[in-house]
1. Among (1) exposed (fewer than 15 other Cβ atoms within 10 Å of the Cβ); (2) under 30 Å from residue 148 (Cα atoms), there is one condition residue 39 misses while meeting the rest; what is its number?
2. Among the candidates 157, 80, 84, single out the residue that is closer than 23 Å to residue 233 by Cβ, within 16 Å of the ligand (Cβ to nearest atom) and either at pLDDT below 95 or surrounded by fewer than 17 Cβ atoms within 10 Å (Cβ to Cβ) (or both).
3. If you scan the stretch 183-212, which residues turn out to be closer than 22 Å to residue 279 by Cα, within 16 Å of the ligand (Cβ to nearest atom) and assigned to a loop (DSSP other than H, G, I, E, B)?
4. Somewhere in the stretch 29-42, is a residue at negative phi and within 15 Å of the ligand (Cβ to nearest atom)?
5. Please work out if residue 40 is assigned to a loop (DSSP other than H, G, I, E, B) and free of Cβ contacts under 8 Å to residues at least 12 places away in the same chain.
6. Can you say whether residue 317 is in contact with a strand residue (DSSP E or B) (Cβ under 7 Å, 6 or more places away or on another chain) and more than 30 Å from residue 65 (Cα to Cα), as far as the supplied structure shows?
7. If a residue has to be touching a helix residue (DSSP H, G or I) at 6+ places or on another chain (Cβ under 8 Å) and under 23 Å from residue 49 (Cα atoms) to count, how many in the stretch 179-220 make the cut?
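The values are calculated or read from the model by the stated rules, or taken from the named source; none is laboratory data. It should be emphasised that the depicted structure is a prediction, and the values quoted were computed from it without experimental measurement. Please note: Cβ atoms are built from the backbone with ideal geometry, for glycine as well, and neighbour counts cover all protein chains shown.
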Ligand code: MG
């Protein structure tokens, strides 16, 4: 096999089957991944969640992960937020002619490893090769489906005054990592992406209580954007305690230098929960026992007043409205 991707790899020729067998099948191996036109999957009764997402992150490899790991985590976490246990996934690769096969192999391996960790099987896929300059290196789209756990009913529209707001760890690490990986600012900081599949964390919470109103992963736009989305969807106000929001000191330092708000930097391994006050401590305790949510914390609550707004309360007693950034803060972070 050649060591860079050529147009022949995407032509449906002998090179295409070679690429699929060697790079994808070997890494994604499971009984549902066949050579047929579509994957044939067992049926379940009840409700299914399904979500799709395209990934164009630049650079495609970064401290803490790569585009393959990110593409699995992104779709897995989206269905998990609806209370669905990840089950099956499809993926579509668009690769630029000349892309090193060795790099593709690393990405596929990381995708396979992350899928196994998340408990999802990659059952179908597609590869297209675009001519040089027609696409930037590699783009991946994934679609995930899973069955919703019985008794669970979450939605961004279900937040209620009095709910406690929980974040599962320090915020803004993924966005900060990508920013630094581009070397545009000449800042040296030891920061890795939080990119992780989070179904285990959610399932652990469900084992304690299914009385959860909202779960959302704080990806593009960060925790700040998620909070505004929920405030609008549920027509409620949100009151945050700034000193309770976990931020890695490295991320805080970079944000201070560049004038960025960590609440608006993307996470790829953080969830925001809205839960009734009486179960909040139980949920935090359960999360703290899981990998990737050891630093879970209650950061605020839902209010009847200030509908549609997010209010920040500082330790010294000041109250401000969390201002919303306009336009694209940071392109191609996921
Ligand atoms: Mg999401």
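1. Result: residue 39 fails condition (1) only.
2. Only one candidate qualifies: 157.
3. 198, 212
4. Start the filter on the stretch 29-42 by keeping residues that are at negative phi, which leaves 29-42.
After this cut, where a residue has to be within 15 Å of the ligand (Cβ to nearest atom) as well, the list is none.
Looking for residues that are at negative phi and within 15 Å of the ligand (Cβ to nearest atom), one finds none in the stretch 29-42, hence no.
5. yes
6. So residue 317 does not fit the description; no.
7. 20
For every residue, the table says whether it meets (1) modelled with pLDDT under 95; (2) in a helix (DSSP H, G or I); (3) in contact with a helix residue (DSSP H, G or I) (Cβ under 9 Å, 6 or more places away or on another chain); (4) more than 16 Å from the ligand (Cβ to nearest atom).
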{"position": "72", "(1), (2), (3), (4)": "no, yes, yes, no"}
{"position": "76", "(1), (2), (3), (4)": "no, yes, yes, no"}
{"position": "88", "(1), (2), (3), (4)": "no, no, no, yes"}
{"position": "129", "(1), (2), (3), (4)": "no, no, yes, yes"}
{"position": "134", "(1), (2), (3), (4)": "no, no, no, yes"}
